[in-house]
Each structure stands twice: as structure tokens, then as C-alpha cells.
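Here the structure comes first, spelled out in C-alpha cells, and everything after it is commentary.
The values are calculated or read from the model by the stated rules, or taken from the named source; none is laboratory data. The structure displayed is predicted, hence computed values, not measured ones. As a convention, Cβ positions derive from the backbone with ideal geometry for all residues, glycine included, and neighbour counts pool all protein chains shown.
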Amino acid sequence: MRRPPVRQFRIRCRARDRGSVTTEMAVFVTPVLILLAMFVVFCGRAAAAKIDVNAIAAAAARSAADAATPATARTAASQAAAAMAAGKPWTCTTATDTAAFRRGGSVTVNVACVIRLDDLGVSGLGATRTVRGSATAPIDIYREGT
């Protein structure tokens, strides 16, 4: 029995394996890249939601700082937060701290918005996430009233 030379054997083996790496890349790497892209989109949407909630808190704090009394400050803060979140499918609640509500004092508004994960780009999940934001606004020392 005569054996083929080693050189011819290597050439035949390489010819049979040709294209296998391309198939592995298509089958295994492509789904991983798609999942990675989806994760990046989710993280971006979550960061945007956090920025939006902080903007809602800032608007509510500015509105509360312009109010005449602590009671109207709480009302103004909740109305401002509701107006800022009006175009979004979120449920937001506010808590207004008016302990330092006086000339030269400050008012702090904490906002908590319940956001469905479907709104963040992850469809098929019925879960929710609570995003919190806080803002403090100074009260003008030259204002009338308090």
C-alpha cells in the first residue's frame, strides 16, 4: 500500500475546511452582535429616561420656588411635573420639601416615575422600573410675601 505524500494530504485537508470560519461567524457571532446592539439601545434609552426625570424635577422645583406659600408650592410642583410628563406614558409622583420655605431658603422636589420597560426598547416584558430624580431651587431673597 502506498501512502500519499504529506504535502498532498495537507492540501486536501485545507480544501475540505475552506469556508468553515465564515459559517461559524454567521451562526455564532451575528446573534451576539445583535444582542449587544439591543443592550446598547436599552442603556441609551434608560439614560435618556433618567435625564427626563431630572428635568421634570428641576421644572417642578423652579415652579415651587416661585409660589407664595408652602401649600401652593406643593401644588405648583405637582402641576409642573404633570405638565412636563404629559407627553410620556409614565406615572410620576412628587414629594416637595418646604421646610426651608422662606426668603433666601430653598425648596426641594423629589420625583419618582414608573416606566414600563417596553417604553425603553425591551419589548415583550411587562416589567416596570422606577426612575427617581431630585432638584433643589433657591427662593429669591427679594420676593414679596414669605
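Scoring Ala68 on the criteria (1) surrounded by 14 or more Cβ atoms within 10 Å (Cβ to Cβ); (2) at pLDDT 90 or above leaves a single failure, condition (1).
Specify the residue that is nearest to Val114 (Cα to Cα); the eligible residues are those in segment 60-70 that are part of a helix (DSSP H, G or I) and in contact (Cβ under 8 Å) with a residue 60 or more places away in the chain. The residue in question is Ala60.
Thr146 satisfies every condition listed in (1) modelled with pLDDT under 95; (2) surrounded by fewer than 16 Cβ atoms within 10 Å (Cβ to Cβ); (3) in contact with a strand residue (DSSP E or B) (Cβ under 6 Å, 6 or more places away or on another chain) except (3).
When Ala99 is tested against the conditions (1) at pLDDT 90 or above; (2) surrounded by 17 or more Cβ atoms within 10 Å (Cβ to Cβ), the lone failure is (2).
Checking each residue in segment 71-96 for being in a helix (DSSP H, G or I) and surrounded by 19 or more Cβ atoms within 10 Å (Cβ to Cβ) picks out Ala73, Arg74, Ala76, Ala77, Ser78, Ala80, Ala81, Met84.
Rundown of residues vs (1) surrounded by 13 or more Cβ atoms within 10 Å (Cβ to Cβ); (2) at pLDDT 75 or above; (3) in a helix (DSSP H, G or I), yes/no style:
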residue: Pro4; (1), (2), (3): no, no, no
residue: Arg7; (1), (2), (3): no, no, yes
residue: Arg10; (1), (2), (3): no, no, yes
residue: Leu35; (1), (2), (3): no, yes, yes
residue: Phe42; (1), (2), (3): yes, yes, yes
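Only residues that are in contact with a Gly (Cβ under 8 Å, 6 or more places away or on another chain) and small (Gly, Ala, Ser) were counted in segment 60-74, giving 1.
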